[in-house]
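So the structure is just underneath, and the comments pick up after that.
Laboratory data are not the source of any read-out in this text; all were calculated from the coordinates shown. Being a predicted model, the structure only gives us computed values, none of them experimental. Here the Cβ is made from the backbone with ideal geometry for all residues, glycine too, and neighbour counts use every protein chain on show.
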Amino acid sequence: MALGDSLTVGESDFLPDEYASYPTHLEALAKEHLRNLQSDLKINVLNKGICGELTSGMLERFSNDVSNEEADYVIILGGANDIGWGLDTSKIAHNLTSMYDLAQDDNIVPVACSVPSILGLDNLIPPRVSLNRIIQMEAEKKNLTFLDFFKATADPHTNRLSENYSADGLHLNTEGYREMGRFAFDGWLRPLLERPLG
């Protein structure tokens, strides 16, 4: 399951596009990989993103949208909207950490994600870097997989969202979401799918 805001929905230029979402690309890569392995394993990636949502909203609906769905794994990507509203990074991190704990309490494996960068509002990059550092430290402390979507989609020279991946500066274009899906597959899901076969 993928839990998050418009970056999970796959919103591009303020228009939701399920075919542009990273969960859609992640699922397609996983299914292709399983076909190539001639595996009988079945996989579905449920997209539980809501446009404009804050981490507090994600936390409020966690029980209904994640725990009740009996997911095996939950990819948690949130914080971009919180930063946009000027909320404190420690509060955002607290909400995210609470979700990691709730997942583990329900025997669901959480996957922590960094918030992608932004293009056009450089003042919103430092809070992302700060929040992402906290997320990574929490993931290491809890021994969780950490997907660094910031690093995967940012220009390494400027820390801005790469122009190649930007739709409107905040949301990614189809290629950007495709890259997020590839990154999540190669860095997390592919090894996971191959583990039972090894």
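A few comments on the model shown:
- Lysines with Cα under 19 Å of Lys141, excluding same-chain neighbours fewer than 8 positions away: Lys91
- Each Lys and Arg adds +1 at its Cβ and each Asp and Glu adds -1 at its Cβ; summed about the Cα centre, the stretch 1-140 shows a dipole of about 260 debye.
- Inter-centroid distance (Cα atoms) of the stretch 56-88 relative to the stretch 121-160, Å: 17
- The length gained by stretching the chain between Asp106 and Thr174 to full extension, at 0.36 nm per residue less their Cα-Cα distance, is 21.2 nm.
- Compactness relative to 2.2 N^0.38 Å, alpha carbon Rg of the chain: 0.96
- Most mobile of Pro23, Pro127, Pro156 in a GNM of the chain (Cα contacts under 10 Å): Pro156
- Listed by chain and number, the lysines placed with their C-alpha closer than 25 angstrom to that of Lys31 are Lys42, Lys48; residues fewer than eight positions away on the same chain are left out.
- Where both bridge residues fall in the stretch 2-192, DSSP classifies roughly 20% of the beta bridges as antiparallel.
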